[in-house]
Amino acid sequence: MGLFSHLQANQHLLNEQELTHLNYMMDKENFSFLKSSTLKELADRLYVSPNTIVRMAKKLEYRGYTELKIAIETEHNKSNSLKKGNRLKLIDQINRTEELLSSGTVKEVLQLILASNHIYFFSCGPSKFPCEEMKEKLRILGFESSLYYEPHVMSQRAKKLKENDLVFVVSLSGETKTPLDAARLVKLTKAKMISITGFSQNSISQIADVTMYTFYDRLTYADMDVSSRLGIHYVLNYIFEELAPLC
């Protein structure tokens, strides 16, 4: 089982401090230090005891720091080997996204969909297009489904959600202001929330009831995000293909 599979299965066990430490270890900017550091050196850098890092590793089902470190190094090397020029190939983004899918999480999502009265998608920018497709497919199956992408309308809808409503909040960064603000409003209601974000410890995933992740390679043009949403398409289509036989 690879690093992403360990994280998908066990990251809910980590507290906020441990998530911060894990993010530091996985950040490619810190890879050179991590590769050469001892447990004590890393602990000193993070201002924690060595036991804190060991406990975090064990929560992720590793025997200790060394095994977690090797897993991160392996993932780093795998990412570099998949690069075509300076970009990650689209097929590899799909393959890595598939690694992030947990059968338990998918089952939970299906149960929430089947129990819902209305399914909402909160997203904006290019991420709204895979949501639009999924909304229409859900309607074909007989579900009430809507997409909101304008800030004011989204926030107003979020305030009026009811107990059996289900919301997918979709954002690659997990930090986009419009869906993040709406997600915070959703938490004030009795509706259930599923997040679909890029693989990171982000604000939207941290407040969702169920988290799903995609793997993507960030791409900008003229300071605008033009990253592929192929991973989001894949996750939503995977859910649909598992859902359709149940309807």
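The values are calculated or read from the model by the stated rules, or taken from the named source; none is laboratory data. No experiment lies behind these values; they were computed from the predicted model shown. Glycine also receives a Cβ, built like all others from the backbone with ideal geometry; neighbour counts cover every protein chain displayed.
Computed quantities for the displayed model
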read-out: Residue that is nearest to residue 100 (Cα to Cα) [pool: residues in segment 198-216 that are polar (S, T, N, Q) and assigned to a strand (DSSP E or B)]; value: 214
read-out: Complete set of residues in segment 118-139 that are within 16 Å of the chain's Cα centre (by Cα), among the small types (Gly, Ala, Ser) and farther than 14 Å from residue 157 by Cβ; value: 127
read-out: Members of segment 138-164 found to be closer than 18 Å to residue 117 by Cβ, touching a helix residue (DSSP H, G or I) at 6+ places or on another chain (Cβ under 9 Å) and of a type outside the set (A, V, I, L, M), listed by number; value: 143, 144, 145, 146, 148, 157, 159, 164
read-out: Conditions (1) without any contact (Cβ under 8 Å) to a residue 24 or more places away in the chain; (2) among the polar types (S, T, N, Q); (3) more than 16 Å from residue 234 (Cβ to Cβ); number of the one not met by residue 103; value: (3)
read-out: Qualifying residue in segment 169-185 (condition: outside any helix (DSSP H, G or I) and of a type in the set (Lys, Arg)); value: no
read-out: Subset of segment 81-113 that is in a helix (DSSP H, G or I) and farther than 17 Å from residue 212 by Cβ - its residue that is modelled with the lowest pLDDT; value: 82
read-out: Hits in segment 132-170 - residues which are polar (S, T, N, Q) and more than 17 Å from residue 109 (Cβ to Cβ); value: 146, 155, 156
read-out: From 154, 134, residue being buried (at least 22 other Cβ atoms within 10 Å of the Cβ), in the same structural domain as residue 111 (by TED's automatic domain parsing) and in contact with a Cys (Cβ under 9 Å, 6 or more places away or on another chain); value: 154
read-out: The one condition in (1) of a type in the set (A, V, I, L, M, F, W, C); (2) under 10 Å from the mean Cα position of the chain (by Cα); (3) more than 14 Å from residue 134 (Cβ to Cβ) that residue 193 fails to fulfil; value: (2)
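So that you can scan it fast, the table gives a plain yes or no per residue for (1) within 17 Å of the chain's Cα centre (by Cα); (2) not hydroxyl-bearing (Ser, Thr, Tyr):
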site: 4; (1), (2): yes, yes
site: 12; (1), (2): yes, yes
site: 20; (1), (2): yes, no
site: 30; (1), (2): no, yes
site: 38; (1), (2): no, no
site: 49; (1), (2): no, no
site: 56; (1), (2): no, yes
site: 63; (1), (2): no, yes
